[in-house]
Amino acid sequence: MDHSETKPIDVQAGDEPTDTEVDETAQEAGPDEEVTAEAQDVEVAPGDEPAEAPTAEELQAEVESLQQALAEEHDRMLRAVAELRNYKRRVAREQQEKARYAGQSVLTRILPVMDNLQRILEHQADADSEEFARGIEMTVGEFFRVLDQLGVSVIDCEGEPFDPALHEAVAQVETDEAPEGTVVAVDTPGYCLHDRCLRPARVVVAKRPEAAESAS
């Protein structure tokens with residue numbers, strides 16, 4: 001049986017493969033061999049190394065830092081709440097004191113009037129009726145001066161049209177001397193504090209006579 005001999009192929013120095021032959025060889029190598037070659041050529045950049053995981057000591061230190069910050073914030077909140085409560089209590093106490101002593105300035109001005117009235121009563125037995133009346137008149141005048149200093153004024157009523165905001169009718173009287181609905185007499189004076197009515201005046205109001213109504 002004859003065996004064929006394999007003869008070696010001599011490649012001469014000028015027989016290097018051409019570019020066309022290299023491309024054909026690469027195509028015959030297949031896609032898997034190309035990916036492997038490319039993967040081998042990829043180099044990792046210096047900044048793309050994966051970050052190292054924090055150690056247990058670092059995590060514990062961060063937890064303790066957060067807990068301390070939370071405790072400080074909670075303490076500030078408690079202090080703010082306490083300050084707000086103290087402020088509310090102080091304001092409420094001041095308002096109560098203001099309401100309790102609101103009439104202090106008024107009473108301070110009225111007390112001298114009361115002193116004069118007491119003096120008049122003490123000397124009533126030694127004074128005649130004219131002197132006593134003059135003392136009362138002076139005291140009343142002083143009292144009205146105090147009211148004027150406080151912004152209190154007497155409501156002008158007589159001869160004015162009836163005003164339900166300032167007057168309270170206690171009676172009606174038939175008369176031809178004043179138009180109907182006019183205040184003809186004052187039973188009890190009324191007072192205003194600046195532009196606010198403290199007490200309406202109790203007045204008598206004119207009414208048209210019945211005879212005149214029948215004639216009309």
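Bear in mind that the values in this text are calculations on the coordinates, not laboratory data. Source: prediction; values computed, not measured. Reconstructed Cβ throughout: ideal geometry from the backbone, glycine too, with neighbour counts over all protein chains shown.
The gain in end-to-end length when the HIS74 to ARG109 segment is fully stretched comes to 7.2 nm, 0.36 nm per residue minus the alpha carbon separation. Only the Cβ atoms of Lys and Arg (+1) and of Asp and Glu (-1) were treated as charged; on that basis the dipole of the range 75-150 about its Cα centre amounts to roughly 1300 debye. For the range 110-118, putting each phi into the Karplus relation 6.51 cos²θ - 1.76 cosθ + 1.60 with θ = phi - 60° gives couplings of 7, 4, x, 5, 5, 4, 5, 4, 5 Hz, in residue order, rounded to whole numbers and with x for Gly and Pro. Is the range 71-216 rounded, prolate or oblate when judged by the Cα gyration tensor, a ≥ b ≥ c being the square roots of its eigenvalues, rounded requiring a/c under 1.5 and prolate requiring a/b larger than b/c? Oblate is the answer for the range 71-216, as a/c is 1.5 or above yet b/c matches or exceeds a/b.
Under 13 Å from a point placed 7 Å out from the Cα of GLN124 along the Cα-to-Cβ direction: which residues of the range 132-169 have their backbone N that close? Counting only backbone N, you get 132-133, 136. Along the range 193-209 the Karplus relation, 6.51 cos²θ - 1.76 cosθ + 1.60 evaluated at θ = phi - 60°, assigns HN-Hα couplings of 9, 6, 9, 10, 6, 7, 8, x, 7, 8, 10, 10, 10, 6, 10, 5, x Hz to successive residues, with x for each Gly and Pro.
Where both bridge residues fall in the range 152-216, DSSP classifies roughly 60% of the beta bridges as antiparallel. The amide H of ALA169, built 1.01 Å from its N in the peptide plane, has VAL203 as neighbours under 5 Å, considering only residues 5 or more places off or on other chains. Database remark: amide H of ILE155 closer than 5 angstrom to the amide H of GLY190, TYR191, CYS192 (H placed geometrically; neighbours at sequence offset of 5 or more, or on other chains; Pro and chain starts carry no H).
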